[in-house]
Structures are given as structure tokens and as C-alpha cells.
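Asker: Pasting a structure here, questions to come.
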Ligand code: NAI
């Protein structure tokens, strides 16, 4: 099948080509992001393969459909960037990679937590400068501290397992409690109790209309003073200007981010020689207690292999039976 693959970097081409070693599919790699301007590049392809910052609104989907596209294979677990109603109306089947390596994202989340707590980003720079002073590097023992996990699905469960190993108390907030987390000793609470009692809150829910700006000014005001907030889910789960205000006032102790609401204009490319035009992001970079990575939590060999294999398995299944292995449907947006 002819497949137009958007937002590709050399590592995407490497892992997708490996997964397509039999040459079953004709993969056409496009570096550009998929949007109304670039959608024409998919003309004649039956399948489109897209990533997290591609624009898949009704207009783009209509263009793709007019050009012959019938299946959309997302190289991601998240599907908040797709207008599923428009896709359904056009009869475009949407598939995703529901699970590729929850360990990759969970381990990166814990890396952010540890780096922030022990100020490793500052310590690294200091030692290289010959500055061995410890002032400003004070952390806290994780043992006995309370970790609030928002969204206890596959990734949230992995985080809970790791943090249980550190000897932390586990709180969960999720409309669908996970028995594996309960078995770890997690106590499910409402969001208010989690905000008020957690030393660290880590977000692992999908971005939906219910979770957009879940962490807003009101939620931040209800958090334990000086708590740590981690977001490796989707940028818009937090209200970034509200978080900046909480950092400025000292109410929020530290912030670890792998995702950002406006990351589509920034992440996955080298902009080091350009002027940073996003003032909100620029402000975030000024805080010593903020650690940001550019949506790299998924970026392990194991995860990229699994993403490529599942993406092509979705396309294989569509070619064989007219349906993908891991469909996304409107009902999933709860
Ligand atoms: P999952 O579907 O296994 O778990 C999500 C959990 O969130 C479910 O248990 C669900 O019940 C819960 N949830 C849904 N609505 C909620 C709400 N309103 N409040 C609290 N919990 C709610 O998904 P998985 O695989 O654990 O991934 C979670 C998210 O992580 C994805 O949706 C994606 O946005 C993000 N992600 C980020 C990556 C990165 O590289 N930074 C890579 C992969 C995923």
C-alpha cells in the first residue's frame, strides 16, 4: 500500500523502514508536518501516517480523503490532535499505537522527578565550572513522600510501580481505578484530596475536553505548598500561564515538563540558531526549578521499534480486512 508518512526525522525513517523490511508497503517520507498546506503531498496514497503535532482537523481530513486517503495510522498513543467526528463522517479509519513502551515514558517521568529534586541540571553545570558549593541543591528523601498519579492507565501504573519501589505513598485519581495499582497499595481519592496532600503530582491522563487545563489556577492554589508537578502527558492538561504565576509566587515548588501546549511550533527540530518567539515558553526557561525536555519521553529504541511495528500492523490489517488492529473511535473521547 502507498503510505504518506509525515513529520519524519531520520530515526522515524530508520525504524519504519526496518519494520517494512519485506517491502510490503511503499513508504513516502515527508519531513514536513501535516497540515492544510502539506496535505496535497498525500495525493494518491491510501494511507497516511501521522505524529503528535500534525494537524488533523476537518479541513485537512477532507483534503486527504479527496486525494484518496482511507486510513490514518497514528504513530502515537494520544489522538487528541484528530477530529474523530470528521474522520468518521468521511469514512476514514483511524488507528493508533495504544501501547509501545509505557516503561519509556514512566522512566523519563522519574528521571525528571529525580533531576528536579536533587537539582541535577544545576549540579552538572556547577561541577563543570569548578563550583562545588552545595547551597541551592538541597533535596528531600522520596521514601515516605506522597505521589499523586492522575491517570493510572499503562504509563501511570508503571510510574506507580517505580515509586512504590522508592517507598512512596501512592494516591490515584482516575475514573477507572486500576486493580494493579490498588495491589501496589495505591489509594484512589478525589482530585481535591490529591492536590492537598501530594508532594509530587504526575499527569498521565489523555488530553480530552475533561482534562484540558485540569491543572489551572484553582487547582494550583489547592496544591500542597512547594509541591512538584510533572507533566509527560499532553501540554494542555495544564494551564501554562497559571503554572508560571504559581512558580513566580513560590507556591509551586518545581515543574518538570516533557510536553507543552504550544509545542507544535517548537519541538522535534533544531531552533538553536533562531530567536525564540514564544514568550510563555521563554519565561518557563528562566526558572531554576523548571526542567523541560522536548517530548522525548517515548524516545527509546524499544519504543521506536514497537511504534513502527504496530503502525505497519495497523496498515497491514486495513489492507487485509478493511479495519485496523487498534482503532480509535469517537466513543474513546470521554
Ligand atoms: P492509558 O489509556 O493506558 O491510560 C490513561 C488513563 O487516564 C486511563 O486509566 C483513563 O481512565 C485515565 N483518564 C481518562 N480521563 C481521565 C480524567 N478526566 N482524569 C483522570 N484520569 C483520566 O494511556 P497511557 O498509555 O498510560 O498514556 C497516557 C497519556 O500519556 C497518553 O494519552 C498520551 O497523551 C501521553 N503520552 C506521552 C508520551 C510522551 O512521549 N511524552 C508518549 C506516550 C503517551
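Asker: Can you find even one residue in segment 13-36 that is within 16 Å of the ligand (Cβ to nearest atom), in the same structural domain as residue 96 (by TED's automatic domain parsing) and not in a loop (DSSP other than H, G, I, E, B)?
Answerer: Yes: one or more hits.
Asker: May I ask you to verify whether residue 115 is touching a helix residue (DSSP H, G or I) at 6+ places or on another chain (Cβ under 9 Å) and closer than 27 Å to residue 164 by Cβ?
Answerer: It is true that residue 115 is touching a helix residue (DSSP H, G or I) at 6+ places or on another chain (Cβ under 9 Å) and closer than 27 Å to residue 164 by Cβ.
Asker: Sticking with this one: Take residue 149 and tell me if it is within 16 Å of the ligand (Cβ to nearest atom), part of a helix (DSSP H, G or I) and touching a helix residue (DSSP H, G or I) at 6+ places or on another chain (Cβ under 9 Å).
Answerer: Judged against the criteria, residue 149 is not a match.
Asker: Can I ask one more? For segment 60-115, enumerate the residues that are part of a helix (DSSP H, G or I) and within 9 Å of the ligand (Cβ to nearest atom).
Answerer: Residues satisfying the conditions are 102, 104, 105, 106, 108, 109.
Asker: Taking segment 116-145 as the region of interest, how many residues are closer than 21 Å to residue 197 by Cβ and assigned to a loop (DSSP other than H, G, I, E, B)?
Answerer: Qualifying residue count, segment 116-145: 7.
Asker: For residues that are assigned to a loop (DSSP other than H, G, I, E, B) and in contact with a helix residue (DSSP H, G or I) (Cβ under 9 Å, 6 or more places away or on another chain), tally how many sit in segment 272-287.
Answerer: 4
Asker: Just a yes or no: is a residue in segment 123-142 away from the ligand (no atom under 16 Å from the Cβ) and in contact with a helix residue (DSSP H, G or I) (Cβ under 6 Å, 6 or more places away or on another chain)?
Answerer: There is at least one residue in segment 123-142 that is away from the ligand (no atom under 16 Å from the Cβ) and in contact with a helix residue (DSSP H, G or I) (Cβ under 6 Å, 6 or more places away or on another chain).
Asker: Now a separate question. May I ask you to say which residue of 258, 239 is in the same structural domain as residue 120 (by TED's automatic domain parsing), more than 12 Å from the chain's Cα centre (by Cα) and surrounded by 16 or more Cβ atoms within 10 Å (Cβ to Cβ)?
Answerer: Residue meeting the stated conditions: 239.
Asker: Could I ask something else about it? Out of segment 298-313, which residues are over 17 Å from residue 103 (Cα atoms) and either within 13 Å of the ligand (Cβ to nearest atom) or free of Cβ contacts under 8 Å to residues at least 24 places away in the same chain (or both)?
Answerer: Selection gives 313 alone.
Asker: What is the residue count in segment 46-59 for residues that are part of a strand (DSSP E or B) and within 16 Å of the ligand (Cβ to nearest atom)?
Answerer: 2
The values are calculated or read from the model by the stated rules, or taken from the named source; none is laboratory data. No experiment lies behind these values; they were computed from the predicted model shown. All Cβ positions, glycine included, derive from the backbone under ideal geometry; neighbour counts span all protein chains shown.
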